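Participant: This is the structure I want to talk about, given as structure tokens.
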Amino acid sequence: MNFITCRDLTREYKKGDTIIKPLDGVDLDITSGDFLALMGPSGSGKTTLLNLVAGIDSPTNGSLVIDGTDLSKLSRNKLAAWRSKHVGYVFQLYNLVPVLTAYENVELPLLLHDLSKKQRHERIQIALERVGISDRAEHFPRQLSGGQEQRVAIARAIATDPDIIVADEPTGDLDKSSAHAVMQLLQTLNSELGKTIVMVTHDPKTTEYATRTLHLEKGKLVEAEAVA
Amino acid sequence: MKIIRCFPYVTKQITRHRVRSLLTVFGIAIAMFLFTSVQAMNDGVLEATTATASDTTLVVYREDRYCPATSQLPQDYQRRIEGIDGVSSVTPMMVVVSNCRTSLDVVTFRGVPKESFLSGAGKGIEVISGSAEDWLSRTDAALLGETLANRRGLKPGMRFDAAGITATVAGIVRSDNPQDQNVAYTALEFVQLAGRDRLGIVTQFNVKVTDSALLDPVADEIDEMFRTAQEPTATFGEKAFIGRLADDIIELVGFARWLGLGCLAAVLALVANSIVLGVQSRIAEHAVLQTLGYKSWVIAVLIIAEGVLLCAIGGLLGAVVALSVARSGNYALSVEGTSIPIVADYGLLLMGLVVCVVIGVIAGLVPAWQASRRSIVECFRAV
Ligand SMILES: Nc1ncnc2c1ncn2[C@@H]1O[C@H](COP(=O)(O)OP(=O)(O)O)[C@@H](O)[C@H]1O
Ligand SMILES: [Mg+2]
């Protein structure tokens, strides 16, 4: 059964008189438990597609239904509430809040849920342990390496136990061994916890961890090949 | 409410951007110190010059004179004023000041007939240390207003020197009337004989009437009585009298209120600047929060809360320091024998705090609104 269904998904931007179409009529089905890698040249619309799936942007045309919810019909506030329940976002540059410790960063999304301090503490511990960084809980982002920061960011993304994880070039800024560790982590989240993952990547090697790889070019999907 | 849980995020933004926060708070505190000080003076002017329904005191002065050195009236006017209907007491006073100019530390002597004073013009006075008996029995004894005594560090039994008069402190007094708080009461003849012989001459009469409604008719009657005399009189309600002699101070304080408003504008600019810079440097951070599921109005509230918190800390600091300085200094603005107190009460503290918090909200409104309107993906692209 389809978990994420995109039909004629289009995103346009108006810049003066010209209209830019980073995403141009994409049809895409993603099954629950998929680990999808999106590749394509720079500017092909990968981030745009990912942002739509993550619910931080809205399509100008077409429909995007995730687990029965039509995202294109949700208001800004409803969309925020939906994100807090269903999506964890992993950025290329980690985007941790610099004045907060690793622990406090992971706590941020949990503050929106009806949890006691104790319940939050448990969730944070579990998330930090899963990414293998419990010993750095009290460190600030500037005291961590890139790989460690990305692991904290992943902990933040999974703390609320979302069904979907989106990742935009999560290893784009990491050295080889850190990248490998992060990819293994994502793979475990997919295989052991059953998270549906949509990942944008530049590095063909990282697609080995995915169950499926798709290519975007000029806002359209060009070929689809199942790797798994 | 869930949003309460997010406030530690606000306090951490402040405590962990320590230098930026300290500078902002310091600036706010200085501006609010000035604002509160001006406000304390303004409150003092209002307290000293605003007539109330319970006022029953008239001051009889020499017509067209504006200072104690030139206002001279024959002491025997007392008998004739006492004869007017509605007058309950008449206290002749000779006023001598240590400094003719406006100053924060003037000693004002008021020579009064001791025997009748405590039941007449001095009725509302409470002796808080020393004793009234001492004062009555010694020629050079003085009863000091609390403000004056505290400012000069004087206690019962001590001798002090001012305006060419040497007196001994017999007691310290407290009164609701700011004029009593900042003077030294001594025997009338003692002041009249100090320096040169002015027996039989007084500066003014303080007249108590039985009902505040009688203030105007009695004042008119007194002035009418002496209209053709060698030394004609001009009679005013006490508060109006203070307003007349201290008008240059009052004008200055009125002008200072503009400076006070300027201070508020400075606080607004300072906080707005701090918030705008903070919001600009955190565009991506706010986008991240929204990505995590924070609603845009929550972001707006957090931004405003940060401004309010900075303002509250700075405002409280400034107001507390201003209050402490005013209290410990026991200042009063004195001119021509009148006294404008500097009022430093907790109402002032509260006022400063409220004003500051309102400024904090105003300063945060526009940046908060802008931050909450921006689209998330635009924010990520902007950095
Ligand atoms: N808000 C926007 N305004 C204008 N152009 C945009 C905007 N967002 C994306 N684009 C354009 O759309 C194209 C695709 O962007 P993006 O999805 O970020 O590409 P990718 O992630 O594949 O490199 C780019 O040419 C980009 O300049
Ligand atoms: Mg991209």
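Participant: Compute the whole-percent fraction of alpha carbon pairs in chain B spaced more than 40 Å apart.
Facilitator: Numbers: 25910 of 73153 pairs.
I get 35 percent for the Cα pairs in chain B exceeding 40 Å.
Participant: Still on this structure, I have one more. I need the Debye-formula profile for the protein assembly as shown: one equal scatterer per C-alpha, no solvent, reported as log10 I(q)/I(0) at q = 0.06, 0.11, 0.12 1/Å, two decimals.
Facilitator: At q = 0.06, 0.11, 0.12 Å⁻¹ the computed log10 ratios are -0.54, -0.97, -1.10.
Participant: Nothing charged except the Cβ atoms of Lys and Arg (+1) and of Asp and Glu (-1): what's the magnitude of the dipole of chain B about its Cα centre? Round to the nearest 20 debye.
Facilitator: Dipole about the Cα centre, nearest 20: 2700 debye.
Participant: Of the lysine pairs in chain B, how many meet both conditions: Cα atoms under 23 Å apart, and a spacing of 8 or more in sequence or different chains?
Facilitator: Pairs that pass both the separation and distance tests number 10.
Participant: Another question, then. Which order do the peptides B:35-44, B:211-220 take when ranked by the mean count of other beta-carbon atoms within 10 Å per residue, highest first?
Facilitator: The most tightly packed comes first, giving B:35-44, B:211-220.
Participant: Further, regarding this structure: Mind listing the long-range amide H neighbours of A:PHE3? Cut-off is under 5 Å, sequence gap 5 or more, other chains count too, H placed in the peptide plane at 1.01 Å from N.
Facilitator: Long-range HN contacts for A:PHE3: A:ILE30, A:THR31, A:SER32.
Participant: Restricting to DSSP loop positions (anything but H, G, I, E, B) with no more than 11 other Cβ atoms inside 10 Å of their own Cβ, which trypsin sites (Lys or Arg not before Pro) remain in the range B:76-183? Mind dumping the intermediate values first?
Facilitator: Working: sites: B:ARG79, B:ARG80, B:ARG101, B:ARG110, B:LYS114, B:LYS123, B:ARG138, B:ARG151, B:ARG152, B:ARG159, B:ARG174; in loops: B:ARG101, B:LYS123, B:ARG138.
Answer by residue number: B:ARG101.
Participant: Let me ask another. Every cysteine in the protein assembly as shown with no other Cys Cβ under 4.7 Å from its Cβ, please list them in numeric order.
Facilitator: If one checks each Cβ against the other cysteines of the protein assembly as shown, A:CYS6, B:CYS6, B:CYS67, B:CYS100, B:CYS263, B:CYS379 turn up with nothing under 4.7 Å.
Participant: Using +1 at the C-beta of Lys and Arg and -1 at the C-beta of Asp and Glu, which of B:LEU350, B:TYR294, B:ALA229 has the Cα lying farthest in the positive direction of the dipole of the protein assembly as shown?
Facilitator: Highest projection toward the positive end goes to B:TYR294.
Participant: Among A:SER44, A:VAL222, A:ILE56, whose Cα sits farthest toward the positive end of the charge dipole of the range A:2-226 (+1 at Cβ of Lys/Arg, -1 at Cβ of Asp/Glu, about the Cα centre)?
Facilitator: It is A:ILE56.
Participant: Kindly give Rg over Rh for chain A, based on alpha-carbon atoms, with the Kirkwood expression for the hydrodynamic radius.
Facilitator: Answer for chain A: 0.97.
Participant: State the percentage of accessible surface on the protein assembly as shown attributable to carbon and sulfur atoms; use a 1.4 Å probe and exclude ligands, DNA and RNA. Walk me through the numbers before you get to the answer.
Facilitator: Numbers: 14730 of 26940 Å².
Carbon and sulfur atoms account for 55 percent of the accessible area of the protein assembly as shown.
Participant: Select from B:LEU333, B:GLY157, B:LEU22 the residue farthest towards the positive end of the dipole of chain B; place +1 on Cβ of Lys and Arg, -1 on Cβ of Asp and Glu, and compute about the Cα centre.
Facilitator: B:LEU22
Participant: What is the mean number of Cβ atoms from other protein chains located within 10 Å of the Cβ atom of each residue in peptide A:110-116, rounded to a whole number? Write out the running numbers ahead of the final one.
Facilitator: Details: counts 2, 11, 10, 3, 1, 2, 0.
Taking all residues of A:110-116 together, the mean is 4.
Participant: Per residue of A:74-84, count partner chain C-beta atoms within 10 Å of its C-beta, then hand back the mean as an integer.
Facilitator: Values: counts 0, 0, 8, 4, 1, 4, 11, 2, 1, 6, 5.
So the per-residue partner count for this stretch is 4.
Participant: Any chance you could count the Lys pairs in the range A:2-226 whose alpha carbons are under 18 Å apart, treating pairs 8 or more apart or on different chains as valid?
Facilitator: So the count of such lysine pairs works out to 11.
Participant: What total accessible surface area, summed over both chains, is buried at the interface between chains B and A, computed with a 1.4 Å probe and given in Å² to the nearest 100?
Facilitator: Numbers: alone 18170 and 11280 Å², together 26940 Å².
Adding both sides of the contact gives about 2500 Å².
Participant: So what's the back-of-envelope 222 nm ellipticity for the protein assembly as shown, counting only DSSP H runs of four-plus at -39500 (n - 2.57) apiece and dividing by all residues, rounded to 500? If you can, show how the numbers build up before the last one.
Facilitator: Details: 21 runs with 280 residues, N = 611.
Mean residue ellipticity, 222 nm, calculated: -14500 deg cm²/dmol.
Participant: Just the accessible area per residue of the protein assembly as shown, please: how many Å² with a 1.4 Å probe? Walk me through the numbers on the way to the answer.
Facilitator: On the way: 26940 Å² over 611 residues.
Heavy-atom SASA per residue in the protein assembly as shown reads 44 Å².
Participant: How large is the dipole of the protein assembly as shown about the Cα centre if only Lys and Arg carry +1 and Asp and Glu carry -1, each at its Cβ, rounded to the nearest 20 debye?
Facilitator: Working: 59 positive and 66 negative charges, 364 e Å.
For the protein assembly as shown, the charge dipole is close to 1760 debye.
Participant: What residues of the range B:1-44 lose no less than 10 Å² of accessible area with every protein chain in place versus their chain by itself (probe 1.4 Å, heavy atoms only)?
Facilitator: The answer is B:LYS2, B:ARG5, B:CYS6, B:TYR9, B:LYS12, B:GLN13, B:ARG16, B:HIS17.
The values are calculated or read from the model by the stated rules, or taken from the named source; none is laboratory data. Predicted model, so just to flag it, every value in this text is computed and none were measured. Note that we place each Cβ from the backbone using ideal geometry, even for glycine, and neighbour counts take in every protein chain shown. Side chains included, ligands, DNA and RNA excluded: accessible areas come from the protein's heavy atoms. Shrake-Rupley method; radii C 1.70, N 1.55, O 1.52, S 1.80 Å.
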